[in-house]
Each structure stands twice: as structure tokens, then as C-alpha cells.
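Structure, as C-alpha cells:
The values are calculated or read from the model by the stated rules, or taken from the named source; none is laboratory data. No experiment lies behind these values; they were computed from the predicted model shown. Cβ placement follows ideal geometry from the backbone for every residue including glycine, while neighbour counts extend to all protein chains displayed. With ligands, DNA and RNA removed, areas are computed over all heavy atoms of the protein, side chains included. Shrake-Rupley method; radii C 1.70, N 1.55, O 1.52, S 1.80 Å.
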Amino acid sequence: MALTWQVTQQDTLRIQDRANGGPVIWVCAGILLLVGAKFGWWLLLALGEMARAVLHADFGYMFTYIFGLILLVVMTAAFVLPGLWMLFARSVVEVHPAEGYISEMRDYVAWRKTKRHEISEVSAVRGTHEVSQNRSNSTVEKYRLDVTLKGKGTNEFLAAQPDTRERAQELGALIAAKIGVPFLDHTLKRDSYEDFRYER
């Protein structure tokens, strides 16, 4: 699920992004689903054997293998459910200028968590740049857009993680304009997010 955003007819800015993790979470989800599919295949075979036992009234076979069948169900669910969560978990932020609030939602497939902030609580929108090394020692560049709230300390929430500087600057400026606050663009600075984390 790639980062997307749109302005609705009601002037609401809706931003939809994958939950934190990026490509790493896709790989983990794929591994879990592959293992879960293997257990699922064994489960189907076991159900077929169980159906034949029922048709032939072989109750000895049924009682002998019922615990194995239950174990296969548990193991299939233990891999498939987290895999689906990782694959389809998403983050949605909506800016409602007319109503005067911002909502942030984390959709975890089976349940959703929503939090609401008044626009009057927002002090700025900040764009940052982070550089890291992956296992193959190649450079990975990440961008973040955080909505900073007023008050003591660092109180903020993640709005989006664009894949390029241009998209980060475009979306960051749009969010700030909708809220009516400054856009603090630090995307040109190397490791600016690490600097902010250090300042905390």
C-alpha cells in the first residue's frame, strides 16, 4: 500500500499510508503467510482425512487425530493472522478544516484505533530526513511528516512517511496550509529526524 492523499469535496484532506515498518514489514508478512499457507495446506489434508473417517464411521481415527487437527488450526492462525495484520495494517490521517479537528487512525484489520486532535492544538507540521544503512550496507533514505502539538515537551504524531523529498515537501506544505500552521521543512538536512530525537 503506497502513500496516497486526496482532498474531498468537503475540503477534507485524507492521507493513507502503510503502518510503520516499510518494506521490512512486507517481507516479514510474506514469510509469515508462506509458513501459514504450508500449515493451511496440511490442515486441508487433515480435514479431508477427518471427513473420510466420518463417512466410514471410524471413530477411533477421529478421536486419535482430533488433537493434531486442533494443533494445525492453531498453528495456521498463529502465522496467517499476524501476516495479514502486517500486510494490510494502515495509517489514516484526516484533516477537517471546517470542523476544526484532525483524526489519526490506525487500522489493524480486525480493529481500529482512532484519536482526535483539535486544530487549535497544532503548532506546526515538520518534515524530516533520516539516513540509515541496511544489511547490505547500502544507504536508505526515509522522510517523515509529523504534526507537532502545543504544550510542554515534544508532543507529536506521525502523519506520513513519503518515499521522496519532493513528495514530503508537497504533502507537508498541503497539511500545513489546511491546518493554518507553518511547515518546518528539514528534509534537505541529513539525519534531521535523528537530531530531533537527540534533542528530546
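Given R0 = 30 Å, the distance between the Cβ atoms of GLU49 and ALA78 translates into a calculated FRET efficiency of 0.85. What the range 23-88 shows is 69 Å² of accessible area per residue, with the surface traced by a 1.4 Å probe over protein heavy atoms.
By the rule of a C-alpha distance below 23 Å, with chain neighbours fewer than 8 residues away ignored, the lysines paired with LYS113 are LYS150. The apolar share of the surface of the range 23-88, taken as the fraction of accessible area on carbon and sulfur atoms (1.4 Å probe, ligands and nucleic acids excluded), comes to 85 percent. Remark: the range 171-186, residue by residue, has Karplus-estimated 3J(HN,Hα) of 5, x, 5, 5, 4, 4, 5, 5, 7, x, 10, x, 9, 8, 8, 10 Hz, where x stands for each Gly or Pro and the curve is 6.51 cos²θ - 1.76 cosθ + 1.60 at θ = phi - 60°. On a per residue basis, the convex hull of the C-alpha atoms belonging to the range 23-88 measures out at 57 Å³. Sorting TRP42, TRP5 by solvent-accessible area of protein heavy atoms yields TRP42, TRP5, largest first, with a 1.4 Å probe.
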